[in-house]
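This report refers to the structure that appears directly beneath it.
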Amino acid sequence: MVGPGSHKHGVRGCSWGAAAFGGPGCWLALAALALPGAVSAQGSGLQASASIDSRLSFNVNSRFGGRDDPWWTSEVTPAIRLQSRGGRVTGSLDYGLVLAAQTRSDKRTEVGNRLTGSFNADVYDRRLFLDGRASITRQSTNAFATQYAQGSSNDLFDVTNRTEVANVSLSPLWRGVLGTAVQYELRLLADASDSRGTTVGDQTRTGATATVSSAISGTALTWALNASGSETEFKEGRSTRSEQATATLGWMPDPDYSFSLRGGTERQDTDSSALRSSNTWGAGATWRPSPRTRVQLSYDDRFFGAGWTGVVEYRMPRSAISVSSTRESSDGLGSQFSAVSQFDAFMAQYAEQIPNVAEREVFVRALLAAQQIDPNATVVPAFVTTAVSVSERHQLTLSWSGKRLSMSAQAYRSQTRVIDSLALAPSRLPARQSGYTGSASYRLDPQADLVLTGSRQMIGSTDAQAGTDLKSLSLSYAYRQGLRTTLSLSARYTVFNSTLEPYREASVQAALGHRF
């Protein structure tokens with residue numbers, strides 16, 4: 001499922017997973033990717049596709065060397081999609097192997113990978129479940145160095161600041177009921193990140209959680225006891241541990257309202273060589289005044305200070321809006337920062353409206369396809385890190401779909417800081433990051449669409465680093481021949497402002513895609 005290419009561990013694929021997890025990691029990676037595919041062949045099926053992409057680019061203005069000679073970039077991308085929408089296994093896998101060549105300078109060639117996959121398997125009698133996720137994305141190793149717009153002819157060939165990051169996660173869950181009033185859950189977690197060609201950002205994480213809670217639904221009062229522990233190890237950093245025990249009391253006086261209070265203790269060695277203990281407390285509230293509206297707030301006092309999650313969602317017949325705000329650390333289970341794709345953003349936006357993950361995925365992919373939006377396009381980019389950090393992120397997502405005109409927009413702002421004072425390697429995370437993306441698609445006729453997209457990514461300056469500003473605007477024409485073949489023509493203009501290597505780049509592109 002992965003193709004050949006140069007890598008620090010040799011041939012990519014099994015060796016990549018083994019490097020991240022150790023010897024058995026190869027099999028974990030293959031299981032996470034292959035299991036949903038095997039079932040999909042019997043369920044919703046296998047779909048293969050291929051695309052040919054050719055771009056002519058040139059620098060309008062560059063601080064170093066002025067105008068460059070125009071160059072061609074050509075890509076061939078065979079891809080597969082496996083999915084299962086029912087049965088004991090639900091999930092999907094999308095993989096594309098990018099074979100690229102560029103006439104610029106020394107006529108380089110590169111091999112890239114794109115992967116998104118997740119599955120949930122009912123292993124035994126609706127008691128033992130197995131969750132898995134896997135992805136391969138391109139991320140920056142230094143937020144303050146030269147950046148390229150997604151789809152740029154230089155993105156795949158930037159080996160100094162851009163790298164492929166593979167993530168694999170497996171999580172078995174055992175769920176049951178004690179008597180008639182108590183239910184329990186035991187969950188294990190193992191995940192790893194591995195960067196191509198560098199050890200920056202390479203990490204492994206293992207952990208476990210145990211929860212007992214009230215099992216009788218529909219009651220006004222609920223309770224839960226939770227204990228968790230995890231260990232995170234960075235190859236260019238150190239190993240840190242986190243342990244937490246929490247008691248939660250919930251109250252639902254009305255189906256539209258629910259409240260919760262929690263308290264407990266935690267131990268961690270994020271900023272010391274020994275485990276330190278501290279008390280924690282938190283509260284939460286959820287309000288659902290209508291099936292179209294949800295307001296959810298949660299606040300916790302943690303060892304790193306205030307942590308919170310806030311979500312406001314409102315849906316109308318043709319549009320939806322979602323506003324969210326989070327502040328959390330990357331130290332424990334369920335807290336690991338990653339890039340947010342268009343697919344991720346819309347899956348989160350429609351989570352309440354379509355609870356079934358398989359059905360929601362079908363809806364979101366159809367929505368993005370109608371607007372000619374790449375589901376893998378990044379809304380909020382991620383940067384590799386080498387230490388435990390705290391991130392505060394605010395995000396707005398809008399979507400509107402008409403008979404001919406469809407639009408979507410996302411805006412975000414985040415702040416990140418490393419909280420491990422004993423980190424062995426310096427972090428090059430952006431202290432402040434903000435940006436937005438927007439897309440408007442107009443259907444000219446049943447076979448043709450005109451699409452305008454724009455994006456901006458701003459990295460705030462620090463005492464030691466100057467900030468950067470990346471802006472991109474593109475206009476494309478897409479024509480569908482039948483249900484399987486698509487031809488697109490597009491033009492892009494990109495401006496990158498930086499004190500070190502600013503540039504302005506223009507390009508025209510033609511792409512042909514076919515689904516088998």
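Let me confirm something: among ARG267, ARG302, ARG318, which residue is open to solvent by 70 Å² or more (accessible area, probe 1.4 Å), basic (Lys, Arg) and within 28 Å of GLN410 (Cβ to Cβ)?
Working: ARG267 fails: within 28 Å of GLN410 (Cβ to Cβ); ARG302 fails: open to solvent by 70 Å² or more (accessible area, probe 1.4 Å).
After ruling out the rest, the residue left standing is ARG318.
Consider THR499 carefully, then state whether it is open to solvent by less than 80 Å² (accessible area, probe 1.4 Å) and among the hydroxyl-bearing types (Ser, Thr, Tyr). Taking the combined requirement at face value, the residue does not satisfy it. Residues that are surrounded by 18 or more Cβ atoms within 10 Å (Cβ to Cβ) and over 17 Å from ALA478 (Cα atoms) were ranked within the stretch 432-454; the one that is modelled with the highest pLDDT is GLY435. Per this entry, THR293 is counted among residues that are closer than 30 Å to ALA409 by Cα, modelled with pLDDT of 90 or more, of a type outside the set (D, E, K, R) and surrounded by fewer than 15 Cβ atoms within 10 Å (Cβ to Cβ).
Considering every residue within the stretch 477-487, establish whether at least one is more than 30 Å from ALA48 (Cβ to Cβ) and either in contact with a His (Cβ under 7 Å, 6 or more places away or on another chain) or surrounded by 15 or more Cβ atoms within 10 Å (Cβ to Cβ) (or both). Can you show your working first?
Filtering the stretch 477-487 for residues more than 30 Å from ALA48 (Cβ to Cβ) gives none.
Checked against the condition, which is being more than 30 Å from ALA48 (Cβ to Cβ) and either in contact with a His (Cβ under 7 Å, 6 or more places away or on another chain) or surrounded by 15 or more Cβ atoms within 10 Å (Cβ to Cβ) (or both), the stretch 477-487 yields no hits at all.
Looking at ALA491, is it of a type in the set (A, V, I, L, M, F, W, C), under 28 Å from the mean Cα position of the chain (by Cα), surrounded by fewer than 16 Cβ atoms within 10 Å (Cβ to Cβ) and at pLDDT 90 or above? Before the answer, list the steps.
On the way: of a type in the set (A, V, I, L, M, F, W, C): yes; under 28 Å from the mean Cα position of the chain (by Cα): yes; surrounded by fewer than 16 Cβ atoms within 10 Å (Cβ to Cβ): yes; at pLDDT 90 or above: yes.
It is true that ALA491 is of a type in the set (A, V, I, L, M, F, W, C), under 28 Å from the mean Cα position of the chain (by Cα), surrounded by fewer than 16 Cβ atoms within 10 Å (Cβ to Cβ) and at pLDDT 90 or above.
Being hydrophobic (A, V, I, L, M, F, W, C), surrounded by fewer than 22 Cβ atoms within 10 Å (Cβ to Cβ), over 30 Å from TYR184 (Cα atoms) and at pLDDT below 90 narrows it down to one of ALA149, ALA145, so name that one. Residue meeting the stated conditions: ALA145.
In the stretch 47-89, what residues are within 25 Å of PHE119 (Cβ to Cβ), at pLDDT 85 or above and loosely packed, with under 14 Cβ neighbours inside 10 Å? Selection gives ALA48 alone. Scanning the stretch 211-230 for residues that are farther than 30 Å from THR386 by Cβ, open to solvent by 30 Å² or more (accessible area, probe 1.4 Å) and part of a strand (DSSP E or B) yields a total of 6. Evaluated against (1) in a loop (DSSP other than H, G, I, E, B); (2) open to solvent by 30 Å² or more (accessible area, probe 1.4 Å); (3) in contact (Cβ under 8 Å) with a residue 12 or more places away in the chain; (4) of a type in the set (Gly, Ala, Ser), SER272 falls short on exactly one condition, (2).
For the stretch 95-139, filtered to residues that are without any contact (Cβ under 8 Å) to a residue 24 or more places away in the chain and acidic (Asp, Glu), the residue that is least open to solvent (accessible area, probe 1.4 Å) is ASP125.
Among the conditions (1) part of a strand (DSSP E or B); (2) closer than 27 Å to ARG443 by Cβ; (3) not basic (Lys, Arg), the only one that LEU483 does not satisfy is (1).
Within the stretch 457-473, restricting attention to residues that are open to solvent by 20 Å² or more (accessible area, probe 1.4 Å) and either part of a strand (DSSP E or B) or among the charged types (D, E, K, R) (or both), which residue is farthest from ALA145 (Cα to Cα)? Quick ask: steps written out before the conclusion?
Filtering the stretch 457-473 down to residues open to solvent by 20 Å² or more (accessible area, probe 1.4 Å) leaves 457-458, 461-467, 469, 471, 473.
Next cut, either part of a strand (DSSP E or B) or among the charged types (D, E, K, R) (or both) only: 457-458, 463, 469, 471, 473.
On the way: GLN457: 13, MET458: 12, ASP463: 15, ASP469: 11, LYS471: 15, LEU473: 21 Å.
So, considering only residues that are open to solvent by 20 Å² or more (accessible area, probe 1.4 Å) and either part of a strand (DSSP E or B) or among the charged types (D, E, K, R) (or both), the one farthest from ALA145 (Cα to Cα) is LEU473.
Results for (1) touching an Asp or Glu at 6+ places or on another chain (Cβ under 7 Å); (2) among the small types (Gly, Ala, Ser); (3) in contact (Cβ under 8 Å) with a residue 12 or more places away in the chain; (4) more than 24 Å from THR137 (Cβ to Cβ), shown as yes or no for each residue.
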{"site": "LEU189", "(1), (2), (3), (4)": "no, no, yes, no"}
{"site": "SER193", "(1), (2), (3), (4)": "yes, yes, yes, no"}
{"site": "ARG205", "(1), (2), (3), (4)": "yes, no, yes, no"}
{"site": "THR209", "(1), (2), (3), (4)": "no, no, yes, yes"}
{"site": "SER213", "(1), (2), (3), (4)": "no, yes, yes, yes"}
{"site": "LEU225", "(1), (2), (3), (4)": "no, no, yes, yes"}
{"site": "LYS235", "(1), (2), (3), (4)": "yes, no, yes, no"}
{"site": "ALA245", "(1), (2), (3), (4)": "no, yes, yes, yes"}
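Can you confirm whether ARG327 is open to solvent by 20 Å² or more (accessible area, probe 1.4 Å), touching a strand residue (DSSP E or B) at 6+ places or on another chain (Cβ under 9 Å), more than 15 Å from GLN410 (Cα to Cα) and modelled with pLDDT of 75 or more? Spell out how you get there, then give the answer.
Values: open to solvent by 20 Å² or more (accessible area, probe 1.4 Å): yes; touching a strand residue (DSSP E or B) at 6+ places or on another chain (Cβ under 9 Å): yes; more than 15 Å from GLN410 (Cα to Cα): yes; modelled with pLDDT of 75 or more: yes.
Yes: the conditions hold for ARG327.
Taken as a whole, the structure leaves VAL168 outside the set of residues that are over 30 Å from LEU473 (Cβ atoms) and surrounded by fewer than 17 Cβ atoms within 10 Å (Cβ to Cβ).
Just one of (1) of a type in the set (A, V, I, L, M); (2) buried (at least 21 other Cβ atoms within 10 Å of the Cβ); (3) over 29 Å from the mean Cα position of the chain (by Cα) fails for ALA192. It is (3). Going through (1) part of a loop (DSSP other than H, G, I, E, B); (2) open to solvent by 50 Å² or more (accessible area, probe 1.4 Å) one by one, GLY201 falls short only on (2).
The set of residues in the stretch 443-486 being touching a strand residue (DSSP E or B) at 6+ places or on another chain (Cβ under 8 Å) and among the charged types (D, E, K, R) consists of ARG443, ASP449, ARG456, ASP469, LYS471, ARG480, ARG484.
The values are calculated or read from the model by the stated rules, or taken from the named source; none is laboratory data. All values reported here derive from a predicted model rather than from experimental measurement. Glycine also receives a Cβ, built like all others from the backbone with ideal geometry; neighbour counts cover every protein chain displayed. The accessibility values were calculated without ligands, DNA or RNA, using every heavy atom of the protein model including side chains. Shrake-Rupley method; radii C 1.70, N 1.55, O 1.52, S 1.80 Å.
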